[in-house]
Amino acid sequence: MSRRVVVTGLGAITPVGNDVDTMWKNLVDGVCGIETITDFDTSDLKVHIAGTVKDFEPEKYIEKREVRKLDLYTQYALAAAQQAVDDSGIMGKIDENRFGVYIGAGIGGLHTFVKNTVAMENGGAKKVSPFFIPMMIGNIATGNVAIRFNAKGASLSVISACATGTNSIGEAFHAVKDGYVDAVIAGGTEAVISPLTIAGFQNIKALSTNPDPKKASRPFDKDRDGFIMGEGAGMLVLEEYEHAVARGAKIYAELSGYGNT
(Lines give C-alpha, C1' and ligand atoms only; values in the text may rest on other atoms or scores of the structure.)
Protein backbone atom coordinates (compact mmCIF):
# COMPACT_ATOMS: atom_id res chain seq x y z
CA MET A 1 0.00 0.00 0.00
CA SER A 2 1.46 3.37 -1.06
CA ARG A 3 0.83 6.22 1.38
CA ARG A 4 1.28 9.99 1.21
CA VAL A 5 4.15 11.57 3.17
CA VAL A 6 4.20 15.12 4.52
CA VAL A 7 6.56 17.36 6.50
CA THR A 8 5.17 18.41 9.88
CA GLY A 9 8.25 19.61 11.78
CA LEU A 10 11.44 21.59 11.11
CA GLY A 11 14.68 22.07 13.05
CA ALA A 12 18.06 23.60 12.23
CA ILE A 13 21.46 24.40 13.71
CA THR A 14 23.44 26.28 11.04
CA PRO A 15 26.15 28.86 10.36
CA VAL A 16 23.38 31.39 9.63
CA GLY A 17 21.17 30.68 12.62
CA ASN A 18 20.46 28.15 15.33
CA ASP A 19 16.75 27.83 14.66
CA VAL A 20 14.62 27.73 11.53
CA ASP A 21 13.23 31.28 11.73
CA THR A 22 16.66 32.88 12.23
CA MET A 23 18.21 30.73 9.52
CA TRP A 24 15.48 31.60 7.02
CA LYS A 25 15.60 35.34 7.76
CA ASN A 26 19.37 35.40 7.35
CA LEU A 27 19.18 33.46 4.09
CA VAL A 28 16.59 35.85 2.70
CA ASP A 29 18.64 38.83 3.87
CA GLY A 30 21.78 37.48 2.23
CA VAL A 31 23.75 36.99 5.44
CA CYS A 32 26.95 35.02 4.85
CA GLY A 33 27.65 32.20 7.31
CA ILE A 34 31.23 31.70 6.12
CA GLU A 35 33.89 33.33 8.28
CA THR A 36 37.60 33.27 9.06
CA ILE A 37 38.38 30.30 11.31
CA THR A 38 39.21 31.40 14.86
CA ASP A 39 38.83 28.14 16.81
CA PHE A 40 42.32 26.96 15.89
CA ASP A 41 45.51 28.18 14.23
CA THR A 42 45.33 27.94 10.44
CA SER A 43 48.78 29.34 9.69
CA ASP A 44 50.02 25.93 8.51
CA LEU A 45 46.98 25.51 6.24
CA LYS A 46 46.09 26.87 2.82
CA VAL A 47 42.45 27.24 3.85
CA HIS A 48 41.45 29.82 6.46
CA ILE A 49 37.64 30.05 6.21
CA ALA A 50 34.68 27.78 6.97
CA GLY A 51 30.95 27.82 7.68
CA THR A 52 30.98 27.48 11.45
CA VAL A 53 28.04 27.40 13.84
CA LYS A 54 28.08 30.42 16.15
CA ASP A 55 26.75 30.87 19.70
CA PHE A 56 25.48 27.29 20.00
CA GLU A 57 24.22 26.54 23.52
CA PRO A 58 23.93 22.76 23.97
CA GLU A 59 22.54 23.15 27.50
CA LYS A 60 19.32 24.49 25.97
CA TYR A 61 18.68 20.96 24.69
CA ILE A 62 20.91 18.62 26.69
CA GLU A 63 21.57 18.29 30.42
CA LYS A 64 24.93 19.86 31.28
CA ARG A 65 26.35 16.63 32.71
CA GLU A 66 25.49 14.80 29.49
CA VAL A 67 27.07 17.29 27.10
CA ARG A 68 30.62 16.05 27.76
CA LYS A 69 29.55 12.52 26.77
CA LEU A 70 28.38 13.61 23.32
CA ASP A 71 30.45 14.59 20.31
CA LEU A 72 29.52 17.95 18.82
CA TYR A 73 27.85 16.33 15.80
CA THR A 74 25.46 14.49 18.13
CA GLN A 75 24.80 17.67 20.10
CA TYR A 76 23.80 19.41 16.87
CA ALA A 77 21.54 16.50 15.93
CA LEU A 78 19.77 16.44 19.30
CA ALA A 79 19.20 20.20 19.20
CA ALA A 80 17.79 20.24 15.67
CA ALA A 81 15.70 17.14 16.34
CA GLN A 82 14.24 18.70 19.49
CA GLN A 83 13.23 21.76 17.49
CA ALA A 84 11.60 19.64 14.79
CA VAL A 85 9.72 17.44 17.26
CA ASP A 86 8.51 20.44 19.25
CA ASP A 87 7.44 22.15 16.04
CA SER A 88 5.49 19.09 14.92
CA GLY A 89 3.65 18.57 18.21
CA ILE A 90 3.86 14.84 17.61
CA MET A 91 4.91 13.66 21.06
CA GLY A 92 2.10 11.84 22.82
CA LYS A 93 0.29 11.43 19.50
CA ILE A 94 2.40 8.69 17.92
CA ASP A 95 2.78 4.97 18.69
CA GLU A 96 6.40 4.66 19.87
CA ASN A 97 6.75 1.45 17.84
CA ARG A 98 5.68 3.35 14.70
CA PHE A 99 8.10 6.25 15.25
CA GLY A 100 11.51 6.08 13.54
CA VAL A 101 14.79 8.00 13.24
CA TYR A 102 16.86 8.32 10.06
CA ILE A 103 19.83 10.61 10.71
CA GLY A 104 23.06 10.52 8.74
CA ALA A 105 26.56 11.93 9.09
CA GLY A 106 29.25 11.87 6.44
CA ILE A 107 32.03 11.34 8.98
CA GLY A 108 30.61 11.32 12.51
CA GLY A 109 32.50 12.03 15.74
CA LEU A 110 35.68 13.43 14.22
CA HIS A 111 36.59 15.66 17.19
CA THR A 112 36.28 12.70 19.54
CA PHE A 113 38.40 10.57 17.21
CA VAL A 114 41.20 13.15 17.01
CA LYS A 115 41.19 13.86 20.75
CA ASN A 116 41.49 10.19 21.68
CA THR A 117 44.11 9.48 19.02
CA VAL A 118 46.29 12.23 20.50
CA ALA A 119 45.62 10.92 24.03
CA MET A 120 46.74 7.41 23.09
CA GLU A 121 49.83 8.66 21.27
CA ASN A 122 50.86 10.69 24.31
CA GLY A 123 49.80 8.42 27.15
CA GLY A 124 48.95 4.97 25.87
CA ALA A 125 45.72 2.97 25.91
CA LYS A 126 44.82 3.95 29.47
CA LYS A 127 44.31 7.53 28.29
CA VAL A 128 41.56 6.59 25.80
CA SER A 129 38.12 7.59 27.12
CA PRO A 130 35.59 4.84 27.85
CA PHE A 131 33.17 7.08 25.96
CA PHE A 132 35.36 7.08 22.84
CA ILE A 133 33.39 4.52 20.81
CA PRO A 134 29.85 5.61 21.79
CA MET A 135 30.80 9.23 21.04
CA MET A 136 32.60 8.60 17.76
CA ILE A 137 30.58 6.08 15.74
CA GLY A 138 28.52 7.37 12.82
CA ASN A 139 25.16 6.03 14.01
CA ILE A 140 25.26 7.43 17.53
CA ALA A 141 23.32 10.58 16.63
CA THR A 142 20.46 8.37 15.42
CA GLY A 143 20.74 6.30 18.59
CA ASN A 144 20.66 9.27 20.95
CA VAL A 145 17.73 10.90 19.17
CA ALA A 146 15.80 7.61 19.22
CA ILE A 147 16.42 7.31 22.97
CA ARG A 148 15.47 10.95 23.60
CA PHE A 149 12.09 10.60 21.88
CA ASN A 150 11.43 6.94 22.69
CA ALA A 151 11.29 6.17 18.97
CA LYS A 152 11.26 2.38 18.73
CA GLY A 153 10.34 2.03 15.07
CA ALA A 154 12.55 1.66 12.00
CA SER A 155 15.82 3.55 12.47
CA LEU A 156 18.80 3.88 10.14
CA SER A 157 22.00 5.90 9.73
CA VAL A 158 22.83 6.72 6.12
CA ILE A 159 26.40 7.66 5.14
CA SER A 160 26.85 8.98 1.60
CA ALA A 161 29.23 11.95 1.88
CA CYS A 162 27.63 15.21 0.70
CA ALA A 163 24.36 13.46 -0.17
CA THR A 164 23.92 12.06 3.35
CA GLY A 165 21.14 14.38 4.56
CA THR A 166 19.15 14.06 1.34
CA ASN A 167 19.49 10.29 1.30
CA SER A 168 18.46 10.09 4.96
CA ILE A 169 15.29 12.06 4.24
CA GLY A 170 14.62 10.01 1.10
CA GLU A 171 15.00 6.66 2.83
CA ALA A 172 12.80 7.91 5.67
CA PHE A 173 10.23 8.93 3.05
CA HIS A 174 10.17 5.35 1.78
CA ALA A 175 9.81 3.97 5.31
CA VAL A 176 6.67 6.06 5.85
CA LYS A 177 5.34 5.61 2.31
CA ASP A 178 5.68 1.83 2.45
CA GLY A 179 4.04 1.53 5.86
CA TYR A 180 6.95 0.59 8.11
CA VAL A 181 6.40 3.62 10.35
CA ASP A 182 3.91 6.47 10.70
CA ALA A 183 6.48 9.19 11.37
CA VAL A 184 10.25 9.65 11.24
CA ILE A 185 12.75 12.22 12.49
CA ALA A 186 15.03 12.57 9.47
CA GLY A 187 18.00 14.65 8.42
CA GLY A 188 21.74 15.11 8.60
CA THR A 189 24.35 16.36 11.04
CA GLU A 190 28.06 17.11 10.86
CA ALA A 191 30.80 18.80 12.90
CA VAL A 192 34.21 18.10 11.40
CA ILE A 193 35.89 21.47 10.96
CA SER A 194 39.40 20.74 12.26
CA PRO A 195 43.02 21.06 11.14
CA LEU A 196 43.05 17.37 10.18
CA THR A 197 40.01 17.45 7.92
CA ILE A 198 40.97 20.74 6.31
CA ALA A 199 44.45 19.41 5.63
CA GLY A 200 43.01 16.26 4.12
CA PHE A 201 40.54 18.02 1.85
CA GLN A 202 42.96 20.77 0.84
CA ASN A 203 45.60 18.21 -0.10
CA ILE A 204 43.24 16.58 -2.59
CA LYS A 205 42.51 20.11 -3.84
CA ALA A 206 38.82 19.90 -2.94
CA LEU A 207 38.61 23.10 -0.85
CA SER A 208 38.63 26.69 -2.01
CA THR A 209 41.75 28.61 -0.99
CA ASN A 210 40.07 31.96 -1.59
CA PRO A 211 40.52 33.94 1.65
CA ASP A 212 37.41 36.10 1.09
CA PRO A 213 34.44 34.53 2.93
CA LYS A 214 31.93 36.34 0.69
CA LYS A 215 33.49 35.29 -2.60
CA ALA A 216 34.87 31.80 -1.94
CA SER A 217 31.68 29.74 -2.21
CA ARG A 218 30.60 29.94 -5.87
CA PRO A 219 30.04 26.38 -7.15
CA PHE A 220 28.65 27.42 -10.56
CA ASP A 221 31.19 30.13 -11.35
CA LYS A 222 33.81 29.51 -14.04
CA ASP A 223 36.48 30.63 -11.56
CA ARG A 224 35.39 28.33 -8.74
CA ASP A 225 38.27 26.59 -6.99
CA GLY A 226 36.63 24.26 -4.47
CA PHE A 227 33.98 23.97 -1.78
CA ILE A 228 33.81 25.47 1.71
CA MET A 229 33.66 23.16 4.71
CA GLY A 230 30.64 23.72 6.95
CA GLU A 231 28.89 22.25 9.97
CA GLY A 232 25.47 22.01 11.57
CA ALA A 233 22.32 19.90 11.48
CA GLY A 234 18.96 19.97 9.73
CA MET A 235 15.98 17.84 10.76
CA LEU A 236 12.47 17.18 9.51
CA VAL A 237 9.56 15.25 10.94
CA LEU A 238 8.08 13.21 8.10
CA GLU A 239 4.60 11.85 8.72
CA GLU A 240 1.95 9.83 6.97
CA TYR A 241 -0.64 12.26 5.63
CA GLU A 242 -3.77 10.76 7.22
CA HIS A 243 -1.98 10.43 10.57
CA ALA A 244 -1.00 14.11 10.42
CA VAL A 245 -4.50 15.25 9.45
CA ALA A 246 -6.12 13.15 12.17
CA ARG A 247 -4.12 14.88 14.90
CA GLY A 248 -4.52 18.35 13.40
CA ALA A 249 -0.85 18.83 12.55
CA LYS A 250 0.29 21.76 10.42
CA ILE A 251 1.68 20.55 7.11
CA TYR A 252 4.61 22.36 5.47
CA ALA A 253 4.94 20.27 2.32
CA GLU A 254 4.29 16.90 0.74
CA LEU A 255 7.10 14.66 -0.51
CA SER A 256 6.06 13.04 -3.77
CA GLY A 257 9.15 11.07 -4.72
CA TYR A 258 12.79 10.17 -4.14
CA GLY A 259 15.48 8.23 -5.88
CA ASN A 260 19.22 7.72 -5.78
CA THR A 261 21.83 6.39 -8.18
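The values are calculated or read from the model by the stated rules, or taken from the named source; none is laboratory data. Computed from a predicted structure; not experimentally measured. Counting neighbours? That spans all protein chains shown, and the Cβs are built from the backbone with ideal geometry, glycine included. Heads up: the accessible areas ignore ligands, DNA and RNA and are worked out on the full protein's heavy atoms, side chains in. Shrake-Rupley method; radii C 1.70, N 1.55, O 1.52, S 1.80 Å.
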- Sole exception among (1) of a type in the set (S, T, N, Q); (2) part of a helix (DSSP H, G or I); (3) in contact with a helix residue (DSSP H, G or I) (Cβ under 9 Å, 6 or more places away or on another chain); (4) surrounded by fewer than 18 Cβ atoms within 10 Å (Cβ to Cβ) for Thr166, by number: (3)
- Going by the structure shown, is Ala79 out of contact with any Cys (no Cβ under 7 Å at 6 or more places or on another chain) and either loosely packed, with under 15 Cβ neighbours inside 10 Å or not in a strand (DSSP E or B) (or both)? yes
- Go through (1) assigned to a loop (DSSP other than H, G, I, E, B); (2) of a type outside the set (A, V, I, L, M, F, W, C); (3) surrounded by 12 or more Cβ atoms within 10 Å (Cβ to Cβ); (4) free of Cβ contacts under 8 Å to residues at least 24 places away in the same chain and name the single condition Thr22 misses. (1)
- Message: For segment 174-205, give me each residue that is open to solvent by less than 40 Å² (accessible area, probe 1.4 Å), more than 19 Å from Ala105 (Cβ to Cβ) and among the β-branched types (Val, Ile, Thr).
- Response: Val176, Val181
- Query: Tally time: how many residues in segment 115-152 are in contact with a strand residue (DSSP E or B) (Cβ under 9 Å, 6 or more places away or on another chain), among the aliphatic types (A, V, I, L, M) and in a loop (DSSP other than H, G, I, E, B)?
  - Reply: 1
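So that you can scan it fast, the table gives a plain yes or no per residue for (1) touching a residue at least 40 places away in the same chain (Cβ under 8 Å); (2) surrounded by 13 or more Cβ atoms within 10 Å (Cβ to Cβ):
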residue: Ala233; (1), (2): yes, yes
residue: Glu240; (1), (2): yes, yes
residue: Val245; (1), (2): no, yes
residue: Lys250; (1), (2): yes, no
residue: Asn260; (1), (2): yes, no
- Task: Would you please list the contacts, defined by Cβ atoms under 7 Å and residues six or more apart or on different chains, that run from a residue in segment 106-127 that is among the β-branched types (Val, Ile, Thr) to a residue that is open to solvent by 30 Å² or more (accessible area, probe 1.4 Å)?
- Result: Ile107/Glu190; Thr112/Phe132; Thr112/Met136; Val114/Leu196
